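Report on the following structure.
The values are calculated or read from the model by the stated rules, or taken from the named source; none is laboratory data. Just so it is clear, the model here is predicted, and its values are computed rather than measured. Here the Cβ positions follow ideal geometry from the backbone for every residue, glycine too, while neighbour counts run over all protein chains shown. Accessible surface is based on the protein model in full, side chains and every heavy atom, while ligands, DNA and RNA are left aside. Shrake-Rupley method; radii C 1.70, N 1.55, O 1.52, S 1.80 Å.
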Amino acid sequence: MTAADNSPAAILAAEAEASGAAPGGPAGPRGRGPRARDTTAYLKYVAGKLGGALVSMFAVLVTSFFLFRLIPGDPVKQMTGGRRVSSEQLAAMRKEFGLDDPVWKQFTDYCGNVLTGDFGTSYQFHTPVMDKITDALGPTLWLTGAAYILYTVIGIWLGTRTAWRNGGLGDRFHTGLALTLYSVPSFWLGLLLIITFSVGAGPLPGLFPTGGMESGDETGVAYVVDVAHHMILPVLTLVAVGYAQTLLVMRSSLLDEMDSDYLTTARAKGLRDDLVRRRHAVPNALLPTVTLMFVNLGTVVAGAILVETVFSWPGLGSLFYQALSVPDLPLVQGLFFVFATAVILMNTVADVVYPLLDPRVGR
């Protein structure tokens, strides 16, 4: 070994070659280094979340089968509508729907059918459960989707303004109103709106329909206006409760960022206060709100059972209530599985996206 081989440059080059890294860079052709380690850690994190989602969905599958069999009442007798039916006819109906099989066989058949997207046949509607869910999905998405967009935008905007003016009159008013609305049961608020704006209170006449999605005699543009007219009160109910939650989360997150050093540095550089808020404070404060947005997005598919029932909205929520009243076991099980799966999937998406927004997560 010559003197040149003992030089610091030669030693660093030899170490880099042994570790697979290029002499002038952090990672060589073998793909080692911080970036490769971060990618591997992220993939392991995603795999863990996906595995957890699969376990949760199996737990939902088990729960949806056994839980609703604890509901009192005989679904076969409920299907007869109170008519006098012989015991032989009841036994034939139980055999037709597989209710005379052992519970373990019913469960294995149910699991096998769910894997193929078959939730069985509705007891009361005598149609495939998946067809009923598909028919009711559209009205639910229209109602809860419109409410979701509105309360997310309003909640983030008001949450940002109230936190930035913490302690002011507007902050106290909006925070108090949000806490009140967040504590109010949605069905009670819906009934109050129906009494006030549909039935009429005192000199105030009824301005909106008491329920339903359409009047039934409109077409074209008039049909769209009619549906929008029917949507106003249920959407207002959902927005009133949903915006309050979003506002409180956004306000709390932004307040945690208010005294951070990077905001002080930004102000010291001469940035205007609104630029400090929009470019620095809000993007960092949005992280918890993004998680909430994904969670709420899962409930868009799940619908709003109480609100849809109060306003007789023909969506998944009303369908679930009708199925429980029988009980229509295949329909209840199918709806419960769809509701829970939507929430689990959106939670998983939030868990997967969150490390991309905040690299500290998932390490």
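For LYS105, the lysines whose Cα comes closer than 27 Å to its Cα, not counting residues fewer than 8 places off in the same chain, are LYS77, LYS95, LYS132. Principal axis extents of the C-alpha atoms in the range 124-281 (largest first, rounded to whole Å): 67, 44, 32. The mean sequence separation of alpha-carbon pairs under 8 Å and at least six residues apart, normalised by the residue count of the range 169-286, gives a relative contact order of 25 percent.
Let me know the shape class of the range 94-155, please: from the alpha-carbon gyration tensor, a ≥ b ≥ c as square roots of the eigenvalues, rounded when a/c is under 1.5, otherwise prolate if a/b is greater than b/c, or oblate. Write down the numbers at each step before the final one.
Values: a/c = 3.86, a/b = 2.58, b/c = 1.49.
Note, shape of the range 94-155 comes out prolate.
May I ask for the Kirkwood hydrodynamic radius of the range 244-330, worked out over all distinct Cα pairs and given in angstroms to one decimal? Over the range 244-330, the inverse of the mean reciprocal pair distance is 16.1 Å.
Sorting check: for 116-126, 209-219, 337-347, which peptide has the highest mean count of neighbouring beta carbons within 10 Å, and how do the rest follow? Let's see the in-between values first.
Numbers: 116-126: 16.6, 209-219: 14.1, 337-347: 19.5.
Top of the packing list down: 337-347, 116-126, 209-219.
Applying the criteria of a DSSP loop state and at most 12 other Cβ atoms within 10 Å to the trypsin sites (Lys or Arg not before Pro) of the range 235-294 yields LYS269, ARG272.
With N the number of residues in the range 205-286, Rg(Cα) / (2.2 N^0.38 Å) evaluates to 1.86.
Please give the per residue accessible area of the range 301-357, computed with a probe of 1.4 Å over protein heavy atoms only, in Å². Working shown, then result.
Numbers: 1860 Å² over 57 residues.
Value for the range 301-357: 33 Å² per residue.
One equal scatterer on each Cα of the range 129-220, no solvent, Debye formula: the resulting log10 I(q)/I(0) at q = 0.15, 0.26 Å⁻¹ is -0.90, -1.23.
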